[in-house]
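Contents: one structure, followed by commentary.
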Amino acid sequence: MAQYFEVHPDNPQPRLLKQAAQILHGGGVIAIPTDSSYALVCHLDDKVAAEALRRIRGVDEKHHLTLLCRDLSELASHARVDNRQYRLLKLATPGPYTFILEATKEVPRRVSHPSRRTIGLRVPDHRVTQALLEVFGQPLLGTTLIAPGESDPMNDPREIRERLQRQIQAVIDAGACPRQATTVIDFSGDEPVLVRMGRGDPLSLGLSPQ
């Protein structure tokens, strides 16, 4: 049975976040709210947890997993960007965007794309996510919580617990999130490429939604 933490959306209780962080440090997979939808997250360096995360989502190793970071200061250890890319990242963060970036050697090969050596990265604009990241002390490995065979992210934390209670270790309930995935932009080539249109507006970054 997954543990269930009901937290205040604006002032989440530190005691509950510490308990959730302990579950993550212990190898658990948990569902958390973000500024786009609920997401599944685990410890970046835990191979078994990362495999469980992929299994729950029903995706293989070619599916980009994402590093959830507190801010861009955590970027340098995990991804390579040039000055132009960094300026665009500053414009878009925090916010509902996922960026595909060239991974550094610090990123375990098993969580980056097997042929391209890239990783997703995002800085969510959500108080509970940010507070959890601060308590946890490092980026989390995550993916949008979309059930296998479905196209829309899950948004109801009670439904998440009911459907996934035997597959995940905890749910953080901060109320409903916007039920829309992030906008995904690939920065791994010479020019940024819009991969998926989501909640983030690509026009704000000078990119056409077409």
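The values are calculated or read from the model by the stated rules, or taken from the named source; none is laboratory data. What you see is a predicted model; the values in this text were computed from it and never measured. Cβ sites come from the backbone with ideal geometry, for glycine too, and all protein chains shown count toward neighbours. Note: areas computed on protein heavy atoms with side chains; ligands, DNA, RNA excluded. Shrake-Rupley method; radii C 1.70, N 1.55, O 1.52, S 1.80 Å.
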Value at 222 nm in deg cm²/dmol, rounded to 500, when DSSP H runs of n ≥ 4 in the chain each add -39,500 (n - 2.57) | -7000 deg cm²/dmol
Share of antiparallel DSSP beta bridges in the chain, in percent to the nearest 5?
-> 60 percent
Based on the alpha-carbon gyration tensor of segment 1-44 and its eigenvalue square roots a ≥ b ≥ c, which shape applies: rounded if a/c is under 1.5, prolate if not and a/b is larger than b/c, or oblate?
-> oblate
Leading residue at positive end of dipole, the chain (Cβ point charges), from PRO96, ALA181, ILE146 = ILE146
GLU106 accessible area, 1.4 Å probe, all protein chains in place, Å² to nearest 10 | 130 Å²
Which stretch or stretches of segment 146-164 have amide N atoms under 13 Å from the point lying 7 Å from VAL59's Cα along the Cα→Cβ direction?
-> 146-154
Within the accessible area of segment 1-157, what % is carbon and sulfur when the probe is 1.4 Å and the other protein chains stay in place?
-> 45 percent
Point-charge dipole on Cβ atoms (K/R +1, D/E -1) for the chain, about Cα centre, debye to 20 | 380 debye
Exposure of LEU68 as accessible area (Å², to 10), given a probe of 1.4 Å and all protein chains | 10 Å²
Round to the nearest 10 and give me the degree value, 0 to 90, for the angle of helix 83-92's Cα axis relative to the longest principal axis of the chain.
-> 40 degrees
Using a cut-off of 12 Å between beta-carbons, work out the net charge of the residues near LEU101 (Lys and Arg +1, Asp and Glu -1, LEU101 not included).
-> +1
Return the carbon/sulfur percentage of the accessible area of segment 162-210, one whole number, probe 1.4 Å, all protein chains in place.
-> 44 percent
Please work out the ratio of the alpha-carbon Rg of the chain to 2.2 N^0.38 Å and round it to two decimals.
-> 0.95
Can you work out ³J(HN,Hα) from phi for every residue in segment 190-195, in order, using Karplus 6.51 cos²θ - 1.76 cosθ + 1.60 and θ = phi - 60°, giving whole Hz and x for Gly and Pro?
-> 5, 10, x, 10, 6, 8
Segment 93-156: Kirkwood hydrodynamic radius (Cα pairs, Å) comes out at 13.6 Å
State the number of lysine pairs found in the chain whose Cα atoms come within less than 26 Å, restricting to pairs 8 or more positions apart or on distinct chains.
-> 5
For segment 52-98, build the convex hull from the C-alpha positions and give me its volume per residue in Å³.
-> 107 Å³
So what are the ³J(HN,Hα) numbers for segment 35-48, from phi and the Karplus equation (6.51, -1.76, 1.60; θ = phi - 60°), rounded to whole Hz, Gly and Pro as x?
-> 7, 10, 6, 6, 9, 9, 9, 7, 5, 4, 8, 9, 4, 5
Cα principal axis extents for segment 1-109, largest first, Å = 45, 33, 21
In terms of modelled amide H atoms, which long-range or inter-chain residues lie less than 5 Å from the amide H of ALA79?
-> THR104
For segment 1-143, report the accessible area per residue in Å² (1.4 Å probe, heavy atoms, rounded to an integer).
-> 44 Å²
